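Only one structure is covered here, and it is reproduced in the block below.
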Amino acid sequence: MALETKPIDVKAALKISDKDFEQLRDYIYNVCGIYFHSSKKYFLESRLARRLEATGCKSHGDYYQYVRAGMTGSTELKKLLDEITTNETCFFRNMPQLGALENKFLPEIVAAKSKIGFRKLRIWSAGSSSGEEAYTMAMILLEKRNALLKDWIIEIVGTDINETVIAQAKEGVYGSYSVRNTPDYYLKKYFKEESPGRFVLSPEVKKLASFNHLNLYDDNKMLFMKSFDFIFCANVLIYFDTASKSKVVQHFYNNLQPYGYFFVGQSESLHGVNDKFKTVHFPGGFTYNK
């Protein structure tokens, strides 16, 4: 998941008052932890314009009441969250990170778990968007099936607050932009180009990953995300404020195995957020463990 920085131009967008902006901003924050600074007022205004039009609300105050009203509001809230989140990702996005996973951290964890006879690997792609990150890891692990991961159970879970991209991930069909960084070997082996610019992921990759809607700010739902060997959460934390970021990171800490690793985006850091994780460096980047 990532917030789009460039606002979409919506003609004749209804101007939002400071009061209504703060009211809706606080509501969104309380629901999912995403915080809109006052500098993002126009962005929120432009996205709300489409929801006002779709719901027939005449003002932002009316929309605020609408989105908080019973079952109708619950359905609208999902549409609002889809509207304010967008997703910029691709396959094989962070190569130093993937190289470290494949060559250092994966063999390390496999060796540790093999000693106790537990041959199951669990990976969580949090803020998984349309599935490229989770499926990238699935392809890398499939390449290990005949040796390092022979007879292992592999479980990859992708979650996102945006239900539209979750549906896209489950479909497993991608355009040229999504596969732009994919090495030819993987592209030829695990994709079928049905038509120019339309790449269909192979069933053997798809069956390794499952995708579900999840709000990282939901304490109750996060309790069920247990026992992961690796957690990836790239370019999500930068859209939380310090308090909500700290809360979400603590959930990740609780749900990571004692020997596991937590990866964030290249521009992100846990500095000043959580002091329970320790930084582990690798060529071209870093990760965290307990």
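The values are calculated or read from the model by the stated rules, or taken from the named source; none is laboratory data. These numbers were taken from a predicted model, which means no experiment stands behind them. Every residue, glycine among them, receives a Cβ derived from its backbone with ideal geometry; neighbour counts consider all protein chains shown. What goes into the accessible areas is simple: the full protein's heavy atoms, side chains included, and nothing from ligands, DNA or RNA. Shrake-Rupley method; radii C 1.70, N 1.55, O 1.52, S 1.80 Å.
Helix 41-55 and the longest principal axis of the Cα set of the chain meet at an angle near 80°. Solvent-accessible area per residue for segment 1-154 at a 1.4 Å probe radius, Å²? With the other protein chains kept in place, segment 1-154 gives 47 Å² per residue.
Against the main long axis of the alpha-carbon atoms of the chain, helix 132-142 sits at an angle near 10°. Qualifying trypsin sites (Lys or Arg not before Pro) in segment 142-231, where qualification requires a DSSP coil assignment and no more than 14 other C-beta atoms within 10 Å, comprise 145, 150, 180, 207, 226.
The modelled label-to-label distance for the pair residue 210/residue 224, using points 7 Å beyond Cα in the direction of Cβ, is 1.0 nm.
Annotation: for a label point projected 7 angstrom from Cα along Cα→Cβ of residue 194, residues of segment 157-186 with backbone N closer than 13 Å are 171-175. Label positions at residue 15 and residue 238, each projected 7 Å from the Cα along the C-beta direction, are separated by 3.2 nm. Of all lysines in the structure, the ones whose alpha carbon falls short of 20 Å from that of residue 245, not counting any fewer than 8 places away in one chain, are 40, 221, 226, 276, 278, 290. Build a GNM of the chain with springs between Cα atoms under 10 Å: which of 116, 34, 153 gets the top mean-square fluctuation? In this elastic network of the chain, the residue with the biggest mean-square fluctuation among 116, 34, 153 is 116. The structure-derived value of semi-axes √(5λ) of the Cα gyration tensor in Å appears in the list [x] 36, 22, 16; [y] 39, 35, 16; [z] 32, 24, 15 under the label [x]. Relative to the longest principal axis of the Cα atoms of the chain, the long axis of helix 242-255 lies at roughly 30 degrees.
A helix-only calculation puts the chain at -12000 deg cm²/dmol for mean residue ellipticity at 222 nm, using -39500 (n - 2.57) for each DSSP H run of at least four residues, averaged over all residues. Averaged over residues, the count of other Cβ atoms within 10 Å places the peptides 262-268, 131-137, 239-245 in the sequence 131-137, 262-268, 239-245, highest first. Charge dipole (Cα centre; +1 on Lys/Arg Cβ, -1 on Asp/Glu Cβ; no other charges) of the chain amounts to roughly 640 debye. In summary, the lysines within cross-link reach of residue 144, defined as a Cα separation below 19 angstrom excluding same-chain residues under 8 places away, comprise 104, 113, 115, 120, 188, 189, 206, 207. Here the simple spin-label model places points 7 Å from the Cα toward Cβ, and for residue 153 and residue 246 these points are separated by 3.7 nm.
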